[in-house]
Amino acid sequence: GIDPVNCIAVEDSVRGVISAKAASMWCIAVPEPINRDDRRFAVADTILDSLELMTPQWLKDFFNRLLT
């Protein structure tokens, strides 16, 4: 029951990223290293090399960027 524009998807596949963006969600892509250079991930709002980079401070900064 939440509006997709108020959601963030975390995806590891190109299809997942495309689906999230088609649904008007914010998207964080975390592709496997072998797929990291796939240019189709560029449609995501940001790309991370690892979920370990998604710290509380990183999320706070990411949310602040979305709101400005």
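Restricting to the stretch 29-68, what's the tally of residues that are among the hydroxyl-bearing types (Ser, Thr, Tyr) and under 13 Å from the mean Cα position of the chain (by Cα)?
Of the residues in that region, 2 qualify.
Can you pull out every residue in the stretch 18-42 that is in contact (Cβ under 8 Å) with a residue 24 or more places away in the chain, farther than 13 Å from Cys7 by Cα and open to solvent by 80 Å² or more (accessible area, probe 1.4 Å)?
Of everything in the stretch 18-42, those that are in contact (Cβ under 8 Å) with a residue 24 or more places away in the chain, farther than 13 Å from Cys7 by Cα and open to solvent by 80 Å² or more (accessible area, probe 1.4 Å) turn out to be Ile18, Arg40.
Inspect the stretch 15-25 for any residue being out of contact with any Cys (no Cβ under 7 Å at 6 or more places or on another chain) and part of a loop (DSSP other than H, G, I, E, B) and give the result as yes or no.
Yes: the stretch 15-25 contains one or more residues that are out of contact with any Cys (no Cβ under 7 Å at 6 or more places or on another chain) and part of a loop (DSSP other than H, G, I, E, B).
Checking Glu52 against (1) surrounded by 10 or more Cβ atoms within 10 Å (Cβ to Cβ); (2) out of contact with any Asp or Glu (no Cβ under 6 Å at 6 or more places or on another chain), which single condition isn't satisfied?
(1)
The values are calculated or read from the model by the stated rules, or taken from the named source; none is laboratory data. Note that this is a predicted model, so its numbers are computed, not measured. As a convention, Cβ positions derive from the backbone with ideal geometry for all residues, glycine included, and neighbour counts pool all protein chains shown. Side chains included, ligands, DNA and RNA excluded: accessible areas come from the protein's heavy atoms. Shrake-Rupley method; radii C 1.70, N 1.55, O 1.52, S 1.80 Å.
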